[in-house]
1. When the chain is treated as a GNM, springs tying every alpha-carbon pair under 10 Å, which of L177, L79, L197 comes out with the largest mean-square fluctuation?
2. With respect to the cross-link table entries K58/K157; K58/K114; K18/K122; K18/K58; K122/K157, which display a Cα-Cα separation exceeding 18 Å?
3. Loop by DSSP (not H, G, I, E, B), at most 14 other beta-carbon atoms within 10 Å: where is the longest site-free stretch of the chain for GluC sites (Glu not before Pro)?
4. Suppose the Debye formula is applied to equal point scatterers at every Cα of segment 1-114; what is log10 I(q)/I(0) at q = 0.16, 0.22 Å⁻¹?
5. Kyte-Doolittle cut-off -1.0, length cut-off 18 Å along the helix's own axis using Cα: show which whole DSSP H helices in the chain pass.
6. Between K36 and L148, what FRET efficiency follows from the Cβ-Cβ distance if R0 is 25 Å, with the result rounded to 0.05?
7. How far is the Cα center of segment 36-96 from the Cα center of segment 169-210, in Å?
8. Where a Cα-Cα gap under 20 Å defines reach, which lysines qualify for K74, not counting those fewer than 8 residues away within the same chain?
Amino acid sequence: MNLLSHCFLDTDASPYFKIGCIMPDLISGFNQKMRKQVFHFNHEHEAPEHREIFAGIKRHYRVDALFHQSSFFKENSDLIHQKIKEASLPSVRFRTYFFAHVFLELMLDRLLSKHYPEFSVKIREEFSRVETGVVASYFSHIQKSGELTHFFDNFSKFNSGAHLHFYTDNDFFIGALIRVYQKITPVSVSISEKETLKVLAENIENDYRGQLLSVFDQMRFWLNDEALTKTLK
């Protein structure tokens with residue numbers, strides 16, 4: 001899942017928990033640079049805010065694991081994959097399932113931005129109350145202060161509200177999709193292909209909005225069921 005989707009699943013959680021939820025997506029190469037350090041660090045005697053950040057990071061990985069293992073992910077990735085194949089895009093001939101995977105995750109954030117704008121406002125208000133010193137001290141305690149500027153640069157962009165325009169504008173949406181794809185498949189995408197992808201995005205949004213948004217209730221149910229199971233053991 002992507003940034004907004006992670007926050008939307010835990011809408012009532014603390015701002016520091018939500019920061020943890022999105023931190024792996026805001027730091028390029030988080031798995032290689034920080035994951036081992038974070039999970040091996042003893043958070044037991046840390047400040048409550050630090051423990052919240054760590055809890056959010058753990059939530060991020062659990063959510064992604066559940067999402068990618070779900071029938072929802074397979075069925076809707078398959079759906080988008082088929083739509084892409086039917087579009088016969090010359091530049092998207094390889095790793096098309098990966099392309100469909102990214103398309104699905106960005107589409108979920110697009111739907112939240114367009115159809116739940118009040119949530120984006122709520123997130124910005126909550127994050128405005130976050131004390132940068134608390135976050136900086138967390139990076140210091142886990143001995144990753146070198147990643148702090150990188151994190152705050154991306155966090156500031158996200159919290160500026162730019163994502164509202166980023167996901168809802170067709171040009172930006174398709175541009176983001178192509179940039180991610182080009183990281184693993186360095187191809188040049190023509191203007192006509194971009195126009196085809198814009199139409200495809202609008203059609204998927206209009207035809208499958210309810211079906212796609214249903215994932216959030218499904219995910220909350222699965223996560224709550226997991227928590228209840230652990231409590232009863």
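Since every read-out is calculated from the coordinates, none of them should be taken as a lab result. Please read all numbers here as calculations on a predicted model, not as lab measurements. Virtual Cβ from ideal backbone geometry, glycine too; neighbours counted across all protein chains shown.
1. Its mean-square fluctuation being the largest, the pick is L79.
2. Cα-Cα > 18 Å for K58/K157; K58/K114; rest within.
3. After excluding every exposed loop site, the longest remaining stretch is 132-233.
4. -0.82, -1.21
5. 48-69, 71-87, 96-115, 170-184, 191-213, 215-232
6. FRET efficiency, K36 to L148: 0.90.
7. Using only Cα atoms to place each centre, the spacing works out to 20 Å.
8. K83, K85
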